[in-house]
Amino acid sequence: MGHPPFMVRPAGGSGPPVPDGLEIVRVADRSTLHDFVATLVEAYPIAGADGTALAGPSVLDGPVRLFVGYVDGRPVSTAGARLGHGIVDVEWVATLPAYRRRGIGAAVTWAATAADPGAAAVLIASDDGQPVYEAMGYVRLMRLTMWHRPPPPAIS
């Protein structure tokens, strides 16, 4: 997959402005969970992602916080966080291509970053996302080497 930067930011602070027309909703039911997964799969396509465990409603009962950004009622952006051990692990950041470079992804990512306002946050950034996260107070610690192994083809 590449060599993405691992980034951290201290607790506190204020986030970027929420763009006009953007509504950020915390996933709390099957409908918004469906919007989250469908948007994530469309905006950040990875083979096999449509079968993600995030689609199961039990995810709503644990330490995961998911957020969807809506523009004119359409889900266009996602971000989530896993909370634990005093850290907010920001994951699943994706914005549909037609809605990028408008501050939408940053605003939704901030919702995940602030899921526990008293905890530091970490994330693994894309090279395109790194400047956005730096503007939010994240600092690059190091680059990681990551691999992705798609699921094997179905046997028929």
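Please report, ordered by residue number, the strands (runs of 3 or more DSSP E) entirely within the range 68-156 with at least 3 residues that are at pLDDT 95 or above and crowded, with 21+ Cβ neighbours inside 10 Å.
74-84, 87-95
Before we move on, is A38 at pLDDT below 95 and either loosely packed, with under 15 Cβ neighbours inside 10 Å or of a type in the set (D, E, K, R) (or both)?
no
Mind checking which pairs have a first residue in the range 57-80 that is more than 13 Å from T39 (Cα to Cα) and a second that is among the acidic types (D, E) and part of a loop (DSSP other than H, G, I, E, B), Cβ under 9 Å, 6 or more apart or different chains?
If the second residue must be among the acidic types (D, E) and part of a loop (DSSP other than H, G, I, E, B), the pairs left are P57/D29; L60/D29; R65/D116.
Does the range 1-36 hold any residues that are more than 17 Å from G69 (Cβ to Cβ) and either part of a loop (DSSP other than H, G, I, E, B) or of a type in the set (G, A, S) (or both), and which are they?
Hits for the range 1-36 are M1, G2, H3, P4, P10, A11, G12, G13, S14.
Okay, residues lined up against (1) at pLDDT 95 or above; (2) within 14 Å of the chain's Cα centre (by Cα); (3) farther than 27 Å from P151 by Cα:
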position	(1), (2), (3)
R9	yes, no, yes
G12	no, no, yes
Y44	no, yes, no
L54	no, yes, no
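The values are calculated or read from the model by the stated rules, or taken from the named source; none is laboratory data. Predicted, not measured: the structure shown is a model, and the values here were computed from it. Don't worry about glycine lacking a Cβ; one is built from the backbone with ideal geometry, like all the others, and counts go over all protein chains shown.
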